[in-house]
Amino acid sequence: MTNWLQDLRYAIRQLRKSPGFTIAAVLTLAMAIGANAVVFGVLNGLILKPLNVPEARSLYSIERASDTNPTHSYPDYLDLRDRNHSFDNLAAYSIIQVAMNSGAGPSLIWGLEASSNYFDALRIQPYFGRLFHASDDHGPSSAPYIVLSYAYWHNQFHDDRGVVGRIVKLNQHPFTVLGVAPPDFRGTLVFVSPNFFVPMVNHAQIDAANDLNDRANGWILMVLGHLKSGVTPERAIADLNSIGSYLEKTYPKDERQMKFLLARPNLLSEHFSRPLSAFLAALMLLSGLILLAACANLGSLFTARAADRAKEVALRLALGSSRKRILSGLFTEAVLISLGGGSIGLWASVALLRWLSDWQPFGNFPLHTPISADTKVYALALLLSIISGFLFGAVPVRQVLRTDAYQVIKLGSSAGAGRRITARDLLLAAQIAICAVLVTSSLVAVRGLMRATHSSFGFEPHNSTLVGADLRMAGYSTDRVPVMQKRMMEAVAAIPGVESVGLTDALLLNDVNSSNVFADTTADLRPSNAAAEAYTYHISPEYLHAEGTTLLSGRAFTWHDDINSPRVAVVNREFACKMFGSVENAIGGYYKMPDGTRAQVVGVVEDGKYTSLTEDPKMAMFLPILQFPSSSAWLVVRSSGDPQALAAAIRSELHKIDAGLPVVIESRLDEIGAALFPSQMATLSLGVMGGMGAMLAITGIFGMAAYSVSKRMRELGIRVALGAQRKQIVQAALGRAFKLLAFGSTAGLILGLLASRVLSDVVYQATPRDPIVLAGVVLAMALLGLVATWIPARRALSVDPMILLRVE
C-alpha cells in the first residue's frame with residue numbers, strides 16, 4: 001500500500017508537469033467512454049431492460065408468427081384469454097387519441113384503451129383512488145371510467161387529489177375519474193407514455209364505432225400476460241397454436257394463419273425491434289472502434305512520453321529501482337487518466353441520456369424513452385475506464401523492459417531511434433484505419449439521407465399544411481359528417497393565399513389501410529382468390545392538387561362522384577400495371593372490392609411512398625370520400641402564405657363554425673418527420689461517430705508528426721545548412737506520417753467496403769460502394785492529414801540551422 005501511494009503521488013506530479021498532455025488525454029477518453037455509455041444507455045433502456053411492471057421477466061406479448069404482427073381482434077383476444085392454460089391472465093390494449101374536456105375546453109391527448117382486466121393482469125396498484133377491474137365490465141359501454149397517469153395528473157390537475165370522482169368528457173361522452181396510476185408505471189410500450197387509461201368495453205363511445213366484436217378487424221395493438229409458474233414459452237406457444245387451429249376451423253371464412261409466437265412486450269413487436277436492435281448494435285460496434293482508436297492514440301502518446309523519459313527511466317534503473325516498480329508507476333498514471341476521462345464522459349452521457357428521455361420530437365404524441373443512466377451504465381463506464389487505462393498503459397511496457405540504462409545514459413534519449421517500424425507507427429496506422437471506417441459510415445449515412453429526402457413521395461410536402469379535425473370527437477353523427485366537412489373545406493379555401501384544399505381519411509407515409517382487390521372476372525371473393533392487396537385512401541375532389549400528386553392519365557374526382565353515383569377509383573401506376581397491364585389499359589377498366597362492388601378506374605396517378613421510405617413500389621387506390629364517408633379525416637391545404645399566419649387563420653375560421661371542434665394543425669414536413677426520423681437519427685449518430693474519429697485521427701497524426709519533427713530538429717538544421725529544398729525538408733520530417741496516413745486510410749476504406757452490407761442495413765439506400773462516398777472518404781482523409789500536419793510542417797520549415805548548431 002505504501003508503494004502504491006508513492007506511485008499515486010508521483011503520477012499526479014508527473015501529470016501536473018504536463019498539463020497539455022493530461023488535458024488532451026483526459027478529454028480524448030471522456031469523448032470515447034461517453035459515446036459508449038450513451039449508446040449502451042439507449043440499448044439498455046429500449047432493448048435489454050424489461051418493462052417497469054411487477055415480475056416483468058414472466059411477461060410476454062402474443063404475436064402472429066406469419067408476419068410478427070402484434071394486432072388481434074377483440075373476439076380473438078377473448079378466445080385466447082378464456083381458452084389458454086398457460087397464462088395467469090391475458091390483457092389487451094390499444095393506443096388512442098381523444099378530445100378531453102375537463103372544463104377548460106377540448107384538448108387532444110393520447111392514452112390507452114385497455115381490457116377491463118388490464119391492471120389486474122399486470123398486477124399494478126393505484127397511486128391513489130382505484131383502478132378499473134374485470135368486475136367493472138358488464139357489457140358494451142358499461143364502464144365509463146378513466147384512470148389518469150401520474151404525469152398527466154401532476155401537470156394538468158396540479159396534484160389535486162379531489163380529481164377522484166370528477167366527471168370529464170371524452171369525445172363529448174362523460175367519464176368518471178377513478179384514480180391515478182403509480183408514478184413509475186408508464187404503460188406497456190417503452191416509447192409511449194399514455195396520459196390516461198379507459199376500459200375497452202366503452203370503445204363505441206370513445207371511437208364512435210361499433211366494430212369491437214368484428215373478428216376480422218385486428219385493431220387491438222397488443223395482447224400480453226404473465227406466464228404461469230413452471231410454464232415454458234415453448235409450451236405456451238403450443239397451447240396458443242392449438243387455440244389458433246380451433247379458430248381457423250371455427251371461422252374458415254377469415255382464412256387467417258393463427259400461429260403464434262411470444263415476444264418481450266417492449267418495442268411494439270419483434271418486427272419493429274429487430275432493425276432497431278441491429279442499428280444500436282452497429283452503433284455499439286462503432287463506439288467500440290472509437291474507444292479502440294482513443295486507446296491507440298493514447299498508447300502512441302504514452303510511447304512517445306516514455307521515449308522522452310528514457311533517461312529518467314535509465315537513471316532509476318541505475319540507482320536500483322526495479323522494472324516492475326517503474327511499470328507500476330506508468331500504469332498508475334494511465335489509470336488515473338482513464339478514470340478522469342471516464343468520470344467526465346459519464347457525467348456528459350448522463351446529462352445527454354436525461355435530455356433524450358425528456359425529448360418530444362413528435363408534437364403532442366407522448367413519446368417516452370426510458371433511457372436514463374442506471375447501475376449498468378455506471379458499471380460499464382467504470383469497466384471501460386479501467387480496461388482503457390491498462391490497454392494504452394501497456395503499450396510502452398516492452399520499451400521499458402528493453403531499456404539499457406548504460407546505453408541510454410551514454411547516447412541520450414535518441415538511442416534506438418533508427419528502427420524503421422515501431423509499435424507507435426502500427427498503432428497510429430490502426431487508428432487512422434478506424435477513423436477511415438468511421439468517416440466512411442458517416443458519409444454513407446449522409447448520402448442515404450439525401451437519397452431518402454429527395455426520393456419521390458408521391459406528393460409534394462412543401463407549402464402544404466395539414467388540419468386534423470376528427471368530427472367523431474366533437475359528437476357529430478354519421479349523417480352530419482359530409483355536410484360539416486364540406487363547410488370546413490369551403491371556409492379554409494376562402495382564406496387569402498390558399499390555393500386548394502383536399503380531404504383524406506388517411507395520410508400517406510402515416511396511416512395504413514389496405515384492402516384485397518379482385519379481377520373483374522372473379523366470382524368467388526374469398527381472400528385466397530384476391531388478385532392483390534392495395535393501400536386504400538378515401539379522398540375528396542381537389543385532394544390530388546392539394547397534395548401535389550401528379551395525375552398521369554384520366555381524371556380526378558368531382559363532387560358528382562357521390563354515394564348515388566357509380567363506384568369509381570383513381571389508382572397508382574403500380575396498381576394499373578399489375579391489374580391491367582399498363583396505364584393506358586387501366587382507364588375505364590373495372591375491378592372488384594371484397595364486398596363484390598365493381599369499381600371503374602377513371603384516373604391513374606404516380607407511385608408514392610405509403611408506409612415507409614424503404615418500401616418497394618406498392619399498389620394503392622384512391623376512392624371518393626363522398627362514397628365512403630369518414631368522420632376521421634385530414635384537410636390538406638396548399639398555400640403560398642406564411643405557415644404560422646395560415647394556421648391561426650384556419651383555427652379561427654373552424655372555431656367560427658364550431659367552437660368545440662378539437663383541431664390539430666401542422667405542416668406536412670413536420671408530419672412526415674416520423675418517416676424521416678430513422679434516417680435522420682442514423683445520420684446524426686453516425687455523423688457524430690465520424691466526427692469523433694476524425695478528431696482522434698487529427699490528434700494522433702499531429703502528435704506523431706510533432707514528435708518526429710522535435711526529435712529530428714538537429715538533422716533538419718543540417719539539411720537546411722547543406723541546401724535542402726523546402727519540399728525535401730517536409731518529406732524528411734513528415735514522410736513517415738504521410739505514409740502511415742495513406743496506408744491507414746486505404747486499409748480503413750477496404751474495411752468500409754467489406755462492411756457495406758452492415759452499413760446498407762443501417763441506412764436506407766446507402767452503400768460505401770457509391771463513387772461519391774469513395775471520393776468523399778479520400779478527400780476527407782486528405783484534409784485530415786493536411787490539418788494534422790500543418791503546424792509540424794511549418795515548424796520544420798522554420799528551422800534556423802545557426803541557432804541549432806550554436807546550441808550543439
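The values are calculated or read from the model by the stated rules, or taken from the named source; none is laboratory data. These numbers were taken from a predicted model, which means no experiment stands behind them. As a convention, Cβ positions derive from the backbone with ideal geometry for all residues, glycine included, and neighbour counts pool all protein chains shown. Calculation scope for accessible area: heavy atoms of the full protein, side chains included, ligands and nucleic acids excluded. Shrake-Rupley method; radii C 1.70, N 1.55, O 1.52, S 1.80 Å.
Rundown of residues vs (1) touching a strand residue (DSSP E or B) at 6+ places or on another chain (Cβ under 7 Å); (2) farther than 30 Å from Arg795 by Cβ; (3) at pLDDT 80 or above, yes/no style:
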position: Gln728; (1), (2), (3): no, no, yes
position: Ala732; (1), (2), (3): no, no, no
position: Leu741; (1), (2), (3): no, no, yes
position: Thr746; (1), (2), (3): no, no, yes
position: Ile750; (1), (2), (3): no, yes, yes
position: Leu753; (1), (2), (3): no, yes, no
position: Ser756; (1), (2), (3): no, yes, no
position: Asp761; (1), (2), (3): no, yes, no
position: Tyr764; (1), (2), (3): no, yes, no
*Val481, sole failed condition from (1) at pLDDT 90 or above; (2) within 22 Å of Pro106 (Cβ to Cβ)*: (1)
_I'd like to verify a number: residues in the range 488-543 that are under 27 Å from Ala645 (Cα atoms) and assigned to a strand (DSSP E or B), how many?_
8
*Pick out the one residue from Glu55, Glu113 that is on the phi > 0 side of the Ramachandran plot and in contact with a His (Cβ under 7 Å, 6 or more places away or on another chain).*
Glu55
*Hey, can you tell me all the residues within the range 449-460 that are open to solvent by less than 10 Å² (accessible area, probe 1.4 Å) and either farther than 30 Å from Pro771 by Cβ or at pLDDT 75 or above (or both)?*
Gly458
_Filter result (within 32 Å of the chain's Cα centre (by Cα) and over 19 Å from Val501 (Cβ atoms)) within the range 459-483_ = Met473
_Against the condition within 16 Å of Glu533 (Cα to Cα) and touching a helix residue (DSSP H, G or I) at 6+ places or on another chain (Cβ under 7 Å), how does Pro617 come out, does it pass?_
yes
*Residue by residue through the range 99-126, note down the ones that are surrounded by 19 or more Cβ atoms within 10 Å (Cβ to Cβ) and touching a Gly at 6+ places or on another chain (Cβ under 7 Å).*
Pro106, Leu112, Ala121
*Being within 22 Å of Leu78 (Cβ to Cβ), open to solvent by 30 Å² or more (accessible area, probe 1.4 Å) and under 34 Å from the mean Cα position of the chain (by Cα), is that true of even one residue in the range 239-256?*
yes
_Which count do you get for residues in the range 151-168 that are open to solvent by 60 Å² or more (accessible area, probe 1.4 Å) and within 33 Å of the chain's Cα centre (by Cα)?_
4
*Which one of these does Phe365 not meet: (1) open to solvent by less than 60 Å² (accessible area, probe 1.4 Å); (2) at pLDDT 80 or above?*
(2)
*Would you point out the residue of the range 712-730, among those that are closer than 19 Å to Trp790 by Cβ and touching a helix residue (DSSP H, G or I) at 6+ places or on another chain (Cβ under 8 Å), that is most open to solvent (accessible area, probe 1.4 Å)?*
Arg726
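Residues that are open to solvent by 10 Å² or more (accessible area, probe 1.4 Å), hydroxyl-bearing (Ser, Thr, Tyr) and touching a residue at least 12 places away in the same chain (Cβ under 8 Å): does the range 641-663 have at least one?
Taking every residue of the range 641-663 in turn, none turns out to be open to solvent by 10 Å² or more (accessible area, probe 1.4 Å), hydroxyl-bearing (Ser, Thr, Tyr) and touching a residue at least 12 places away in the same chain (Cβ under 8 Å).
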*Inside the range 556-584, can you point out the residues that are surrounded by fewer than 13 Cβ atoms within 10 Å (Cβ to Cβ) and among the hydrophobic types (A, V, I, L, M, F, W, C)?*
Trp559, Ile563
*Could you grab the pairs with beta carbons closer than 8 Å, sequence gap of 6+ or different chains, first residue in the range 17-29 and touching a residue at least 60 places away in the same chain (Cβ under 8 Å), second one among the hydroxyl-bearing types (Ser, Thr, Tyr) and open to solvent by less than 50 Å² (accessible area, probe 1.4 Å)?*
Leu29/Ser338; Leu29/Ser385; Leu29/Ser388
*asked:* Which numbered condition in (1) surrounded by 15 or more Cβ atoms within 10 Å (Cβ to Cβ); (2) modelled with pLDDT of 80 or more; (3) over 30 Å from Asp770 (Cα atoms) is the only one that Ala394 fails?
replied: (2)
*Between a first residue in the range 470-495 that is over 14 Å from Trp559 (Cβ atoms) and a second residue that is open to solvent by 80 Å² or more (accessible area, probe 1.4 Å) and of a type outside the set (A, V, I, L, M), which pairs have beta carbons less than 8 Å apart while being 6 or more apart in sequence or on different chains?*
Leu471/Arg480; Met473/Gln172; Ala474/Gln172; Gly475/Gln172; Ala491/Lys656
_Here's a check for you: in the range 261-285, which residue that is open to solvent by 10 Å² or more (accessible area, probe 1.4 Å), more than 15 Å from the chain's Cα centre (by Cα) and modelled with pLDDT of 80 or more is nearest to Leu741 (Cα to Cα)?_
Leu285
*Where in the range 585-637 are there strands (runs of 3 or more DSSP E), lying wholly inside it, with at least 2 residues that are in contact (Cβ under 8 Å) with a residue 40 or more places away in the chain, in contact with a Lys or Arg (Cβ under 6 Å, 6 or more places away or on another chain) and surrounded by 18 or more Cβ atoms within 10 Å (Cβ to Cβ)?*
598-605
*Within the range 503-510, is even one residue more than 30 Å from Leu684 (Cβ to Cβ) and open to solvent by 10 Å² or more (accessible area, probe 1.4 Å)?*
yes
*Matching residues in the range 609-642 - criterion: being at pLDDT below 90, more than 30 Å from Gly475 (Cβ to Cβ) and not hydroxyl-bearing (Ser, Thr, Tyr)*: Lys609, Leu613, Glu615, Asp616, Pro617, Gly641, Asp642
_What's the number of the only condition in (1) open to solvent by 20 Å² or more (accessible area, probe 1.4 Å); (2) within 24 Å of Val601 (Cβ to Cβ) that Ser500 fails to meet?_
(1)
